[in-house]
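Trainee: Please see the structure below; I have some questions.
The values are calculated or read from the model by the stated rules, or taken from the named source; none is laboratory data. Everything quoted here is computed from the prediction, not taken from an experiment. As a convention, Cβ positions derive from the backbone with ideal geometry for all residues, glycine included, and neighbour counts pool all protein chains shown. Heads up: the accessible areas ignore ligands, DNA and RNA and are worked out on the full protein's heavy atoms, side chains in. Shrake-Rupley method; radii C 1.70, N 1.55, O 1.52, S 1.80 Å.
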2 protein chains.
Amino acid sequence: MPIKAIAFDAYGTLLDVYSVGALAEEFFPGKGADIAVTWRDKQIEYTRLRTMCDRYTDFWQVTGDGLDYACALHGVAPTAQQRAALMGAYEKLTAFDENHAQLTRLKAAGVPMAILSNGTRAMIDSALEAAGLDGLLDHVLSVDTVGKFKTAPEAYQMGPDAFGCDASDILFVSSNCWDICGATWFGYHTIWLNRYGLPMERLGVEPMARGKSLKDVADYALASFSG
Amino acid sequence: MPIKAIAFDAYGTLLDVYSVGALAEEFFPGKGADIAVTWRDKQIEYTRLRTMCDRYTDFWQVTGDGLDYACALHGVAPTAQQRAALMGAYEKLTAFDENHAQLTRLKAAGVPMAILSNGTRAMIDSALEAAGLDGLLDHVLSVDTVGKFKTAPEAYQMGPDAFGCDASDILFVSSNCWDICGATWFGYHTIWLNRYGLPMERLGVEPMARGKSLKDVADYALASFSG
């Protein structure tokens, strides 16, 4: 099946959500990795609970809430300055090294590209700029516009709306398997960027393709691109 | 605020979802607890993803899917017999010791009681019978009737519909803090049975009361019951 465009997830896919663990480790020795994992888990959990119950608040708030829970669970009490520093680190998450080369390669081939993210527009812009990726994308789509987080259909609908084509013409790329399942259910052409060698989620749905790096994704996209 | 009835969550609240860990440990030494935790986490995650994407399948299926993921993640491959045994254990989860005395005490005081659970009717009935709790409840409400899992409003609506009163007249009891947040948002009078001493979820909502045991819950309910 040919594709006409690509929509990338941001957090976990282009941006390393666990890179904040180093700063957390500096503040709370021995607990950095646990805090980073709980922070991410709770952030995601809160997006779902708020979406299911129609209690949307933006991803910046939810990210802060997840951090506060993670600190409480792991028994640490950050100062206001430490909390601000951790949130600041999340605002400028480390991007994966391979991103720039692969996105440049796709742009050179004329593939229209978007980010479709749970993040706020300000968070995404800030992270892209810090990673030197701004200017490579045709659309930056934040679910903040629709007031529902992924995997709500309203969030995924932003892709077809931005590109003016069917979801099945768009390659949706995510390292988050749950995001891939939601996007596949919605109707996208999907590739799971399985960075961490995780098992496939058991949701009765499979992506069209899989890769281990953004290079795998770009290879697949360029072979499928119909111009 | 007086209450007219009680709705209990089942899994985690009356039934010990981690009691399956012992059997998992017997089959896969050193990995039982990890498998039980992942099993529960994925089971809950799948209820939310399926509800957000309108891809409902019943809790028995979702429970099996969660088990399969947990086994894959922790690198074990159960035989068909081991899998059936683990699912069978989930069908007859250990109930908490205090349940019978406290539910009997509430029933003696004339408090109308329901279970409002993500489980199928068959799963709940089987677990209640195994725990000797059948006959103490006025209503057994399974979200299977509405085809959406908690925390969808449609699931919580079953309580007011069954008791014929407002959600604010019903004491909703759960050990799952996310369930308490959803029920509070919905409008129930809520008490969080914090069995494991966990931090409050950061969702901008608080239960009306908290307890550490079902005795705490029954004390609160009897003091609030308006007959």
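Trainee: Out of B:Gly110, B:Gly132, B:Gly64, B:Gly75, which single residue is modelled with pLDDT of 95 or more and within 18 Å of the chain's Cα centre (by Cα)?
Mentor: Details: B:Gly110 fails: within 18 Å of the chain's Cα centre (by Cα); B:Gly132 fails: modelled with pLDDT of 95 or more; B:Gly75 fails: within 18 Å of the chain's Cα centre (by Cα).
Checking each option against the conditions leaves just B:Gly64.
Trainee: Return yes when A:Val111 is farther than 23 Å from A:Ala36 by Cα, open to solvent by less than 30 Å² (accessible area, probe 1.4 Å) and either touching a residue at least 12 places away in the same chain (Cβ under 8 Å) or not acidic (Asp, Glu) (or both) and no when it is not.
Mentor: On the way: farther than 23 Å from A:Ala36 by Cα: yes; open to solvent by less than 30 Å² (accessible area, probe 1.4 Å): yes; either touching a residue at least 12 places away in the same chain (Cβ under 8 Å) or not acidic (Asp, Glu) (or both): yes.
It is true that A:Val111 is farther than 23 Å from A:Ala36 by Cα, open to solvent by less than 30 Å² (accessible area, probe 1.4 Å) and either touching a residue at least 12 places away in the same chain (Cβ under 8 Å) or not acidic (Asp, Glu) (or both).
Trainee: Let me ask something else. For segment B:36-63, which residues satisfy the criterion of being small (Gly, Ala, Ser) and either open to solvent by 20 Å² or more (accessible area, probe 1.4 Å) or under 22 Å from A:Phe186 (Cβ atoms) (or both)? Show your work before the answer.
Mentor: The initial filter retains those residues of segment B:36-63 that are small (Gly, Ala, Ser), namely B:36.
The answer is none; no residue qualifies.
Trainee: Mind checking which residues of segment B:147-175 are over 12 Å from the mean Cα position of the chain (by Cα), among the small types (Gly, Ala, Ser) and part of a loop (DSSP other than H, G, I, E, B)?
Mentor: B:Gly147, B:Ala152, B:Gly164
Trainee: For B:Gly66, all conditions in the list (1) within 19 Å of B:Ser142 (Cβ to Cβ); (2) open to solvent by less than 50 Å² (accessible area, probe 1.4 Å); (3) touching a Gly at 6+ places or on another chain (Cβ under 9 Å) hold save one; what is the number of the exception?
Mentor: Checking B:Gly66 against (1) within 19 Å of B:Ser142 (Cβ to Cβ); (2) open to solvent by less than 50 Å² (accessible area, probe 1.4 Å); (3) touching a Gly at 6+ places or on another chain (Cβ under 9 Å), the one that fails is (3).
Trainee: Inspect segment B:75-88 for any residue being in contact with a helix residue (DSSP H, G or I) (Cβ under 8 Å, 6 or more places away or on another chain) and under 29 Å from B:Leu203 (Cβ atoms) and give the result as yes or no.
Mentor: Looking for residues that are in contact with a helix residue (DSSP H, G or I) (Cβ under 8 Å, 6 or more places away or on another chain) and under 29 Å from B:Leu203 (Cβ atoms), one finds none in segment B:75-88, hence no.
Trainee: Among the residues of segment A:178-213, which ones are among the acidic types (Asp, Glu) and free of Cβ contacts under 8 Å to residues at least 60 places away in the same chain? Full working, then the answer.
Mentor: At the first step, the residues of segment A:178-213 found to be among the acidic types (Asp, Glu) are A:179, A:201, A:206.
Within segment A:178-213, A:Glu201, A:Glu206 meet the criteria.
Trainee: Please find, within segment B:71-86, the residue that is least open to solvent (accessible area, probe 1.4 Å) out of those that are away from every other protein chain (no Cβ under 14 Å), of a type outside the set (A, V, I, L, M, F, W, C) and in a helix (DSSP H, G or I).
Mentor: B:Gln82
Trainee: How do the pairs read when you match residues in segment A:70-86 that are over 24 Å from B:Gly197 (Cα atoms) with residues anywhere that are open to solvent by 40 Å² or more (accessible area, probe 1.4 Å) and of a type in the set (Phe, Trp, Tyr), using Cβ under 8 Å and keeping only pairs 6 or more apart or on different chains?
Mentor: A:Gln82/A:Phe27; A:Ala85/A:Phe27; A:Leu86/A:Phe27
Trainee: Please go through (1) of a type in the set (A, V, I, L, M, F, W, C); (2) crowded, with 21+ Cβ neighbours inside 10 Å; (3) away from every other protein chain (no Cβ under 13 Å) for A:Phe225 and return the number of the only condition it doesn't satisfy.
Mentor: (2)
Trainee: Which of the residues belonging to segment B:35-67 are facing chain A (nearest Cβ under 9 Å), in a helix (DSSP H, G or I) and more than 15 Å from B:Lys150 (Cβ to Cβ)?
Mentor: B:Asp41, B:Lys42, B:Gln61, B:Gly64, B:Asp65, B:Gly66, B:Leu67
Trainee: Would you tally the residues in segment B:6-34 being open to solvent by less than 20 Å² (accessible area, probe 1.4 Å) and in a helix (DSSP H, G or I)?
Mentor: 3
Trainee: Please enumerate the residues belonging to segment B:87-108 that are of a type in the set (A, V, I, L, M, F, W, C) and surrounded by fewer than 18 Cβ atoms within 10 Å (Cβ to Cβ).
Mentor: Within segment B:87-108, the first condition is being of a type in the set (A, V, I, L, M, F, W, C), and the residues that meet it are B:87, B:89, B:93, B:95-96, B:101, B:103, B:106, B:108.
Correct list: B:Met87, B:Ala89, B:Ala101, B:Ala108.
Trainee: Under 9 Å between Cβ atoms, which residue pairs at least 6 apart in sequence (or on different chains) link something in segment B:125-138 that is within 14 Å of B:Pro112 (Cα to Cα) with a partner that is part of a loop (DSSP other than H, G, I, E, B)?
Mentor: Going by the 9 Å Cβ cut-off, the qualifying pairs are B:Asp138/B:Pro112.
Trainee: Looking only at segment A:185-198, which residues are over 16 Å from the mean Cα position of the chain (by Cα) and open to solvent by 20 Å² or more (accessible area, probe 1.4 Å)?
Mentor: Matches in segment A:185-198: A:Trp185, A:Phe186, A:Gly187, A:Gly197, A:Leu198.
Trainee: Among the listed residues A:Trp178, A:Trp192, identify the single one that is part of a helix (DSSP H, G or I) and closer than 30 Å to B:His74 by Cα. Steps first, answer last, please.
Mentor: Details: A:Trp192 fails: part of a helix (DSSP H, G or I).
Unique residue meeting the criteria: A:Trp178.
Trainee: Further, regarding this structure: Suppose we filter A:Cys165, A:Cys181, A:Cys177 for residues that are crowded, with 23+ Cβ neighbours inside 10 Å and either within 26 Å of B:Gly64 (Cβ to Cβ) or away from every other protein chain (no Cβ under 11 Å) (or both); which single one remains? Step through it out loud before you land on a result.
Mentor: Values: A:Cys165 fails: crowded, with 23+ Cβ neighbours inside 10 Å; A:Cys177 fails: crowded, with 23+ Cβ neighbours inside 10 Å.
Result of the check over A:Cys165, A:Cys181, A:Cys177: A:Cys181.
Trainee: Still on this structure: Test A:Asp125 against the stated conditions and say whether it is touching a Ser or Thr at 6+ places or on another chain (Cβ under 6 Å), in the same structural domain as A:Pro207 (by TED's automatic domain parsing) and open to solvent by 20 Å² or more (accessible area, probe 1.4 Å). Don't jump to the end; show me each part of the working.
Mentor: Working: touching a Ser or Thr at 6+ places or on another chain (Cβ under 6 Å): no; in the same structural domain as A:Pro207 (by TED's automatic domain parsing): yes; open to solvent by 20 Å² or more (accessible area, probe 1.4 Å): yes.
Taking the combined requirement at face value, the residue does not satisfy it.
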